[in-house]
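Heads up: the structure comes next, in structure tokens.
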Amino acid sequence: MSGADDGELLVAVVPKNAREEIRLSVGPYGRVVTFKAWVFYRNEGGLMLPSNRGLAFSIDKLPEFTLAVGQTYQHARAQGLLE
């Protein structure tokens, strides 16, 4: 995930812990528009770099993925795993 130079748009950043964050983006990958959720980490020099952990898929799967995340959230709440 490199950013504006390749047409990728950073949409949101979710802190994961003190050294890592999850970056959510959309952008082209060849002829396909993709959604990415990628873990970035802070190196010893303080720079945020992409890790080898994350997921990417065609943007047309995003509605189904969003519903699945919502269902997971509701399940976690119902089980008392979230406040």
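Brief remarks follow.
- Calculated P(r) of the chain - Cα pairs past 22 Å, %: 36 percent
- For the chain, the relative contact order is 18 percent, taking Cα pairs closer than 8 Å that sit 6 or more residues apart in sequence and dividing their mean separation by the residue count.
- Between VAL26 and ASP60, the modelled label-to-label distance comes to 1.5 nm, taking each label 7 Å out from Cα in the direction of the beta carbon.
- Selection of trypsin sites (Lys or Arg not before Pro), the chain, meeting DSSP coil and at most 14 other Cβ within 10 Å: LYS16, ARG19, ARG31
- With θ taken as phi - 60° and the Karplus curve 6.51 cos²θ - 1.76 cosθ + 1.60 applied, the whole-hertz 3J(HN,Hα) list for segment 6-18 is 10, x, 6, 10, 6, 9, 7, 10, 10, x, 9, 7, 5 Hz, x standing for glycine and proline.
- All other residues whose Cβ lies under 15 angstrom from that of VAL33 are scored, Lys and Arg at +1 and Asp and Glu at -1, for a net of 0.
- The charge dipole of the chain, taken about the Cα centre with unit charges on the Cβ atoms of Lys, Arg (+1) and Asp, Glu (-1), comes to about 160 debye, rounded to the nearest 20.
Coordinate-derived values only; no laboratory data. In this text the structure is predicted, and so the values were computed from the model without any measurement. No Cβ is skipped: glycine too gets one built from the backbone with ideal geometry, and neighbour counts run over all protein chains shown.
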